[in-house]
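> Mind looking over this structure? Questions follow.
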Amino acid sequence: MLEVKDLHVSVEGSEILKGLNLTLKQGEVHAIMGPNGAGKSTLSAVISGKEGYEVTSGSITFEGRDVLEMEVEERAQAGLLLGFQYPVEIPGVKNIYLLKAALNAQRAARGEEEIPAPEFMKLVKEKLAAMKMDPSFLQRAVNEGFSGGEKKRNEILQMLVLQPRLAMLDEIDSGLDIDAMRVVADGINSLRDPERGVLIVTHYQRLLEHVEPDVVHVLVDGRIAKTGDKQLAYELESRGYEWVLEESTA
Amino acid sequence: MSDEQTFLDTLQARNEARGDEPTWIAARRQAGAARFEAVGFPHKRVEAWKYTDVRAIARGEFRLADSADFSPATAAALTLPIEALRLTFVDGVFSRALSDLNTLPSGVTIEPLSHALEANHEAVGGALGRLAGVDFSPFTALNTAFAEEGAVIRLAPGTVVETPIIIQFLSRANEAPVMSHPRVLIEAGGRSEATVIEHHAGESGATNFTNLVSEVMLDRSAILSYYKLQEAPVGDLHIASLHVEQGRDSRFTSFNLNLGGALVRNDIIDDLNAEGAETQYNGLFFVRDRQHVDNHTLVNHNAPRTYSNENYKGILDGRARGVFNGKVMVKRDSQQIEAYQNNANLLLSDRAEIDTKPELEIYADDVKCSHGATTGQLDEDAIYALRTRGIDNQMARGLLTLAFAGEVMDQVTLDVIAERVELAVAGKLPERFNLTGLVETASALGEK
């Protein structure tokens, strides 16, 4: 589904990703862990198409398409959706406008009709309930005045409504209290599907107690230094990242 | 021949054709003409006109229209589709056919100025020109010299009018441009309540000059909402001043919404003359290409415990220019007043320009005042965030522009105006973006 090959990325002239390889198959949940500054956020930013990142070599393919040739919105329309570590506040744009405009953009890209209003309302209400969010959220401007936890829930709500092919979650667990963490984890778990991929980027193992990954990668100094199963996450939690770095350079 | 002389010659020809008038009217005309001749058109060295060049008006040659013929189909498309008491003027000439005054509630008088003068000119003479003197600006002087038509609205004390009153000004695409100098007079008696909409629209090829002067008097506890919806054709030249005077505990709300016109200048002056008087100034303009909109507002806090709040927003695209000058004047003994002012502008293009200037003159010491002005572009982070959800660049910009306008439009309680402006702003959005559908869905969910 997602294939990253020998990816080299620079930001303002300094190389952050130094030959990263990653393969994620349909139905799998992958977690990318790593210390601060390893390039975790750079990876998700490059996949989603954020400006300011220069890909010097390598490739990203998503379901056979060259991701680096696609516009930001085309990536989302194709089902490649990123949940932000720091969701942006968009004053004056109601959540419901964003959800409907986004869903219809996705449908238009697939050559489908706009979603009928009753169907849309039913869908949104169901997903709101799943995220334990009050319907009044819809009338509020996107993330404006939201608490950290509300912003993260809102990111997952968007995922549930937009039903991406591959959901990427960048540090979705930062700034969450225990209760919010459960709701967010439940949301992610409900995205698990044999047809869909999930890529979780995280600093801590905490979220992975609730969302069990199939594959865990350790990103150190711009490369995947080690890949394993969920046991690797526990090992990192107790031993830190230093040993992986030593092992990979030894 | 000077620019001014062209206008004075047209005036003289008109006066001769018009024949005898009551002495006071002739004297006013004479005073207006004399003032205009003495000062001439404003030039850019005058502070109040520093950013607004009126040469397109001064050098123009404008006839006076003599008929109110207008295509009924076009009129129907331009007219706000709501039940209203309506006076319509075509290039300044009263149109009985396009007016609707059949069901006037008791206590309300709405009539064309010409009819009011004919019926009882002395009843008009006292109020007319009391707030807008010939020395206010050369354009007020010119208006006073020419004025012969307009609207007179009177609300008897205690009269509450539920139906909006619309004064509609239509501009025609004539073979040669015309000018009009309409005059609006509104007297709201004590505890009366009404909504007045001044609506400007017209045929797209029009290049006419409108020079409007309005005077509005609110007696004790009167409540008046005054909407100006200026959707004049983009070739029209538009100068207007709105002079307001408020009595004790009265409330005035102005919406100054400008979407059309090539050259537009609005002056709003409000005298808060007694305790408890409140005024709200809401303004929004959206201009493109080479449009120019200048809003000059003034609030005079002439009495203690008076309140003013102003929120003006401008959206500029292309090579458009905007001017905002908001002045608040607090007299020496006007203690415990509150005055707030905010001005924000959005530049959608590098070549658009806005000049904004708040002015506060405060001679009392126990007051609450604040003002702020911001100018910026659309937030690129917000555009990126929307694009990451699959919304394309154009639509993302449209949504954000709409959101910016929404902060003023949220205060509008007349749906027909809110929708009209929202759709005009959203006009740049792709067609497949079904705004109406979104709004309906949003409100339906809100009710559940």
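> State all residues of the stretch B:123-142 that are part of a helix (DSSP H, G or I) and touching a residue at least 40 places away in the same chain (Cβ under 8 Å); if no residue qualifies, say none.
Passing the criteria: B:Val124, B:Gly125, B:Pro138, B:Phe139, B:Thr140, B:Ala141, B:Leu142.
> Please pick out the residue among A:Ala109, A:Ala141, A:Ala76 that is open to solvent by less than 10 Å² (accessible area, probe 1.4 Å), within 11 Å of chain B (Cβ to nearest Cβ) and touching a Gly at 6+ places or on another chain (Cβ under 9 Å).
A:Ala76
> Suppose the filter is aromatic (Phe, Trp, Tyr), modelled with pLDDT under 90 and open to solvent by less than 60 Å² (accessible area, probe 1.4 Å); does A:Phe62 pass it?
Spelling it out, it is not the case that A:Phe62 is aromatic (Phe, Trp, Tyr), modelled with pLDDT under 90 and open to solvent by less than 60 Å² (accessible area, probe 1.4 Å).
> Within the stretch B:344-377, track down each residue that is within 14 Å of another protein chain (Cβ to nearest Cβ) and surrounded by fewer than 19 Cβ atoms within 10 Å (Cβ to Cβ).
Scanning the stretch B:344-377 gives B:Thr374, B:Gly376.
> Going by the structure shown, is B:Val287 within 19 Å of B:Glu359 (Cα to Cα) and crowded, with 20+ Cβ neighbours inside 10 Å?
It is false that B:Val287 is within 19 Å of B:Glu359 (Cα to Cα) and crowded, with 20+ Cβ neighbours inside 10 Å.
> Just checking, which of B:Asp289, B:Asp317, B:Asp333 is at pLDDT below 95 and in contact with a Leu (Cβ under 6 Å, 6 or more places away or on another chain)?
B:Asp317
> Here is a check on your reading of the model: is A:Ala129 in a helix (DSSP H, G or I) and within 8 Å of another protein chain (Cβ to nearest Cβ)?
no
> Would you pick out the residues in the stretch B:368-394 that are part of a strand (DSSP E or B) and free of Cβ contacts under 8 Å to residues at least 40 places away in the same chain?
Passing the criteria: B:Lys368, B:Ser370, B:Gly372, B:Thr374, B:Thr375, B:Gly376.
> Which number in (1) out of contact with any Leu (no Cβ under 7 Å at 6 or more places or on another chain); (2) assigned to a strand (DSSP E or B); (3) in the same structural domain as B:Asp91 (by TED's automatic domain parsing); (4) crowded, with 24+ Cβ neighbours inside 10 Å marks the one condition that B:Gly260 misses?
(2) is the only condition that B:Gly260 fails.
> Among the residues of the stretch B:253-285, count how many are within 16 Å of B:Glu215 (Cβ to Cβ) and of a type in the set (Ser, Thr, Tyr).
2
> When you scan the stretch B:1-109 for helices (runs of 4 or more DSSP H) that lie fully inside it, which ones turn up with 2 or more residues that are of a type outside the set (A, V, I, L, M) and surrounded by 13 or more Cβ atoms within 10 Å (Cβ to Cβ)?
It comes to B:3-18, B:23-39.
> Next question. Kindly check whether there is at least one residue in the stretch A:84-97 that is small (Gly, Ala, Ser), in a helix (DSSP H, G or I) and within 9 Å of another protein chain (Cβ to nearest Cβ).
no
> Let me ask something else. Does A:Lys122 meet the test of being of a type in the set (Lys, Arg), within 11 Å of chain B (Cβ to nearest Cβ), more than 19 Å from B:Arg389 (Cα to Cα) and open to solvent by 60 Å² or more (accessible area, probe 1.4 Å)?
Spelling it out, A:Lys122 is indeed of a type in the set (Lys, Arg), within 11 Å of chain B (Cβ to nearest Cβ), more than 19 Å from B:Arg389 (Cα to Cα) and open to solvent by 60 Å² or more (accessible area, probe 1.4 Å).
> Could you check A:Glu51 against (1) buried (at least 24 other Cβ atoms within 10 Å of the Cβ); (2) outside any helix (DSSP H, G or I); (3) within 11 Å of another protein chain (Cβ to nearest Cβ) and say which number it fails?
That leaves (1) as the condition not met.
> For residues in the stretch B:314-340 being open to solvent by 10 Å² or more (accessible area, probe 1.4 Å) and part of a strand (DSSP E or B), which is nearest to B:Gln394 (Cα to Cα)?
B:Arg321
> Continuing with this model, one more query. Within the stretch B:301-312, identify whether any single residue is open to solvent by less than 20 Å² (accessible area, probe 1.4 Å), small (Gly, Ala, Ser), in a strand (DSSP E or B) and farther than 20 Å from B:Ser137 by Cα, and answer yes or no.
yes
The values are calculated or read from the model by the stated rules, or taken from the named source; none is laboratory data. In this text the structure is predicted, and so the values were computed from the model without any measurement. Glycine gets a Cβ as well: all are built from the backbone with ideal geometry, and neighbour counts include every protein chain shown. Just so you know, the surface numbers come from the protein's heavy atoms only, side chains and all, with ligands and any DNA or RNA stripped out. Shrake-Rupley method; radii C 1.70, N 1.55, O 1.52, S 1.80 Å.
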